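Presented below is the structure to which this report refers.
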Amino acid sequence: MQITGAEIFVKALKEEKVDTLFAYPGGQVIDLFNALYGQHDINVVLPRHEQGLVHAADGYARSTGKIGVCLVTSGPGATNLVTGIATANYDSVPLVCFTGQVPTHLIGNDAFQEVDIVGITRSICKYAVTVHSRESLAETIRKAFYIAGTGKKGVVVVDLPKDIQREYGSEIYPKEIKIRGYKPNTSVHAGQINKALDTLNQSRKPVFLVGGGVNIAHAEKEMKLLAEKTGVPVVTTIMGKGAVPSSHELYVGNLGIHGSYAANSAVSNCDVLFSIGTRFNDRITGKISEFAKDATIIHIDIDAASISRNIAVDIPIVADAKKAVKILLEKAEPLQITKWKDEILKWKREYPIAVKGKGVTPQKIIEAVNAAFTDAIITTDVGQNQLWATQFLSLDENRKMLTSGGLGTMGYGLPAAIGAKLGNPDKDVVVISGDGGMQMNIQEMATAVTYELPIIILILNNGYLGNVRQWQEMFYERRYVGTCMRYRKSCPADCNLPTEECPKYIPDFVKIAEGYGAKGVRVTDEKDIVKAIKDAQQEKKVPTIIEFIIERECNVMPIVPPGNTLGDMIMESEV
Amino acid sequence: MKKRWLCLFVENEIGVLARISGLFSGKSYSVDSLTVGVTEDETISRMTISLTSDDKTFEQIKKQLSRSVEVIRVIDYTDIPIHLKEILFVRISGLTEKDKTEVFRISQILGAEVIDYNGSDMLLEMIHTENKNNNIIALLKKQFANRIELVRGGSVAVEAITA
């Protein structure tokens, strides 16, 4: 039987077991939408902006382990995906993004709503392709899902010209495909594993450095067992946080420029750094020449290109984290390293991470989240809110965090939470955002309300783009340029001290919540923190915004100043 | 820094050249030359890339190319026996009788062929290694300053059958 391109598209989604499609219509995808009409096994979700759409698909994918699927129109629909594609790809999140395209005979003519989205996204996704014939459509879609979901997972863009959507052709959707240039690594090199274990066994001061790869590979359980079996302390990147429960006695903390003193010291002083699923991003290494200077470095990563790119690795192992950790777990032995562990414990005890200040502080808010939610997904935005969340959230197998670690995309938190809630209706979903990031995709409040998603949005409102302001304060002589969210035309140009005259709420988030038909509450007194969260937990249908008015110049501490080594941290803010 | 050669087998599809060249430009890798042509299998194209880089960057370039979906195979030609050639056209204009004698003399010595001539301008064709072409260009530039036009084809390379 002959069916249209749009019909094979829907068939493909079903074969790939897509249950949720994040979709925004437009002229060049109207045939695809038409084919989706009445398809009850695919939930077609309409966000309010394509950027919100792709972040929602990202949150859905990260929280369910499935592939997130987007469908948008050509031109602006497609270009609005760009930031979200880069965000997901940077953090190895599997997405397949379908974009409508003008009919093939118009491509290159500067037709209405025509852009070369494949050209635009080529460098920020895993694979991008325009379908050039109806004949190759089914195979291309199968290829897209296969590439997105295997190896180092990532984003695949499939550009679908309108005439191909309408053209009749085969109804066959291929089960198996072969791509000669794409062979994801499925084995683990036994010799290298043995070498790594020999090195570990001889170590006196070993550390596991766990990155996002362990979470993506869903190797949390095995990682915890490996740490317990060997007794080796665990340091994480922010993307790796939660791979081992934060409350675990072997968990040291996050590494990096806002890492804990104990974690940074452990890595700086270790003799074997056993790293799994991290690319040694500049945020975690500090001054590269001093990073883990005396350590033998073992590195397991699924991506050969991540090995020895930023730091020289002594024992490289190209493998999927779960497969590698499983094998390590079988062969590993307990280490006698009590003295080293005591040293780390002492650092942990003597230099805990803490936010100073009275009243409503980020630490109190996040600790209230830890106390209130046992089975939850917590998304963050980007900036101070994210850094505090990564410092203070207590994560484990039931309490997970989604954050834009690689690209650092403001506006990620709210839409990602929508995707996470759609994928996990029985879990509590909490957003930790700032007043800046919240306004970057605030339109998605409508999506949360219309789909009856009772997510809880915590806005840490300091009236500043706080992370940049902190840098301006610490490293740029308090020259606050473009960071005050309450700055008006009438303000002095060199203002760096808020006064009584500053407008109180821009915007009034409580009214915004009400405007969308959501609940809104403002907390200005620390005694109201717990109650506000409890009340929001009672809501079963509508989202709640809780706006916390926090101290305006509250800083994320400790911090490794730019260019410094990890051991050279500023522990406390002078202000 | 060292001169290197890579042989790449890639899918013969729209956008693959952009993908490869974009990878170089996006990551600030410099390319000396890049040639591409279809192979005996029409679905596969073959590229020869010549570049100058340090060891670490070169390792990264090979890994980045290998992980591209469109790239079927990457072979490092730097330290293996290969045949390497580049086509070079040189047009020399405003030639006097004395110049012409000189051009013929140079051509003979350097293995160039005069393939076109209009009385005052001559077109030379040479097929040598990139390095030898560099030397010839330097010589001609000196001899016929501001009177030469160059077209370089970029290197193509193939593994030697007998090492």
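The values are calculated or read from the model by the stated rules, or taken from the named source; none is laboratory data. Bear in mind that the values here come from a model prediction, so they are computed numbers and not experimental data. Cβ coordinates were reconstructed from backbone atoms using ideal geometry, including for glycine residues, and neighbour counts include every protein chain displayed. All accessible areas refer to the heavy atoms of the entire protein, side chains included, with ligands and DNA or RNA removed. Shrake-Rupley method; radii C 1.70, N 1.55, O 1.52, S 1.80 Å.
Here are the numbers:
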read-out	value
Directionally averaged shadow of region A:423-528, computed from the convex hull of its alpha-carbon atoms, nm²	8.8
Relative pair counts by distance (%), Cα atoms of region A:106-245, 10 Å bins	9, 26, 25, 17, 14, 7, 2
D_trans [Stokes-Einstein, Kirkwood Rh over alpha-carbon pairs] for region A:362-549, 10 °C, 1.306 mPa s, µm² s⁻¹	95
Backbone N under 14 Å from the B:ALA18 label point (7 Å along Cα→Cβ), restricted to region A:126-142	A:127-132
Principal-axis tilt of helix B:16-26 within chain B, Cα atoms, nearest 10 degrees	90
Radius of gyration, Dmax [the protein assembly as shown; alpha carbons; angstrom]	29.5, 100
Above-threshold pairs, the threshold being 23 Å between Cα atoms, out of A:LYS356/A:LYS540; A:LYS153/B:LYS27; A:LYS287/A:LYS326	A:LYS356/A:LYS540; A:LYS287/A:LYS326
Student exercise, region A:406-479 dipole from Lys, Arg, Asp, Glu Cβ charges, in Debye to nearest 20	220
Stretch gain in nm, segment A:ASP271-A:THR499, where the contour uses 0.36 nm per residue and the Cα spacing is subtracted	76.9 nm
Relative contact order of chain A, defined on C-alpha pairs under 8 angstrom at six or more residues apart (%)	14
Neighbouring partner chain Cβ atoms per residue of A:305-316, average, 10 Å criterion	2
Rounded Å value of the spacing that divides the Cα centres of region A:133-167 and region A:389-460	29
Gain in span if fully extended, A:GLN336 to A:GLU551, counting 0.36 nm per residue against the direct Cα distance	72.8 nm
Qualifying GluC sites (Glu not before Pro) in region A:108-198, DSSP loop, other Cβ atoms within 10 Å at most 13	A:GLU171, A:GLU176
Relative contact order (percent, whole number), region A:362-549, Cα cutoff 8 Å, 6+ residue spacing	22
Chain A: calculated mean residue ellipticity at 222 nm from DSSP helix runs of at least 4, using -39500 (n - 2.57)	-10000 deg cm²/dmol
FRET E, pair A:MET571, A:HIS189, Förster distance 30 Å, beta-carbon r, rounded to 0.05	0.10
Dipole in debye (nearest 20) - region A:2-170, about Cα centre, beta carbon charges: Lys, Arg +1; Asp, Glu -1	500
Whole-number percent relative contact order across region B:2-80, with pairs defined as alpha carbons under 8 Å at least 6 apart	48
Simple label model, 7 Å out from Cα along Cβ direction - B:SER93 to A:LYS293, nm	6.2
Relative compactness, chain B, computed as alpha-carbon Rg over 2.2 N^0.38 Å	1.22
Per-residue mean of C-beta atoms belonging to partner chains within 10 Å, peptide B:63-76	4
Cross-link partners of A:LYS541 among lysines (Cα-Cα below 20 Å; sequence separation of 8 or more within a chain)	A:LYS421, A:LYS427, A:LYS511, A:LYS519, A:LYS531
Shape metrics for region A:244-376, restricted to C-alpha atoms - Rg then Dmax, Å	17.0, 51
For A:TYR516, solvent-accessible area (1.4 Å; no DNA, RNA or ligand), Å²	80
18 Å Cα-Cα reach of A:LYS241 towards lysines, excluding residues that sit fewer than 8 places from it in its own chain	A:LYS221, A:LYS224, A:LYS322, A:LYS348, A:LYS400
Dipole of region A:362-549, positive end: most advanced residue of A:PRO362, A:THR390, A:VAL523 [Cβ charges, Cα centre]	A:VAL523
Dipole magnitude of chain B, debye to nearest 20 (Cβ charges: Lys/Arg +1, Asp/Glu -1, about Cα centre)	620
Computed lengthening from A:LYS229 to A:LYS358, 0.36 nm per intervening residue step minus Cα-Cα distance	42.2 nm
Neighbour-limited loop hits for trypsin sites (Lys or Arg not before Pro), region A:1-65 (at most 14 other Cβ within 10 Å; DSSP other than H, G, I, E, B)	A:LYS17
Between region A:169-189 and region A:529-562, the alpha-carbon center distance in angstrom	45
Candidates per GluC sites (Glu not before Pro) in region A:331-405, loop by DSSP, up to 14 other Cβ within 10 Å	A:GLU397
Hull shadow area, averaged, region A:2-170 [alpha-carbon convex hull, nm²]	8.5
Gaussian network model of chain B, springs between alpha carbon atoms under 10 Å - residue of B:ASN133, B:ASN146, B:ASN118 with greatest fluctuation	B:ASN118
Label-point separation, A:THR524 to B:VAL151 (7 Å along Cα→Cβ), nm	7.7
Sites A:GLU539 and A:ASN201 - FRET efficiency at Förster radius 51 Å, r taken between beta-carbons, to 0.05	0.45
For region A:212-289 and region A:290-368, distance of Cα centres in Å	2
